[in-house]
Amino acid sequence: MLAAGLVALIILNLRFWPDFLYAKETPTSSQHGTNLGELKVQGKYIERLVLSQKDGSTKKFDKPGETIKLPVGEYRLQEVRLQGGYSCGITRPISDADWVTVAEDKPAVLNVGAPLKQGVRVERWGRFLVLNYELLGVGGEKYTRVDRSNPPTFVVYKGDRKIASGKFEYG
């Protein structure tokens, strides 16, 4: 009985613990000796942005503005979610071109988000044409819809005559 009362007291105390003792996700000043720089986000309609640093840590931002204050360092896009249910998770191998350097003296630029551009990549496999649908952001990142119940459709015409139609498959 005493142990249960002690646990309840600890939980109650933690509930009212001062907010200033918790670490903040987004840095806002250099009060702890961390030099900050600016990252300008060129895309629109971003609901969530996740950036990775070279040391493996991540920075998460919900509804970031056009400019984000970050500790000086190198960052790359890990994940982004847009309004309307579109998401992009970077899964390709990382190259030097994927990194953005945030410095104190000059704002860095990250091209990510909307407006989105639809495209179809066509490949020939013998007698077949393979159509691959792509939805690209301003930085060339590929998006997919979170809700996959209504996939994009296509229609193929030869002159004025419709010769094929269908739905794209996810994956």
Length gained if K162 through K69 is fully extended, taking 0.36 nm per residue and subtracting the Cα-Cα distance, is 28.2 nm
Scoring the range 24-110 by relative contact order with C-alpha pairs under 8 Å, at least six apart, yields a percentage of 36
Listed by chain and number, the residues whose amide H is under 5 Å from that of E141, excluding neighbours fewer than 5 places away on the same chain and using placed H, are none
Of the range 85-125, those with amide N under 20 Å from the point 7 Å along the Cα→Cβ vector of L135 are 85-92, 111-122
Computed over the range 117-167, the distribution of all Cα-Cα distances in 5 Å bins, rounded to whole %, is 5, 15, 21, 24, 18, 12, 6, 0
From the cross-link list K69/K117; K60/K106; K54/K117; K40/K167, the entries with a Cα-Cα span beyond 26 Å are K69/K117; K54/K117; K40/K167
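Since every read-out is calculated from the coordinates, none of them should be taken as a lab result. A quick note: this is a predicted structure, and the numbers were derived from the prediction, not measured. All Cβ positions, glycine included, derive from the backbone under ideal geometry; neighbour counts span all protein chains shown.
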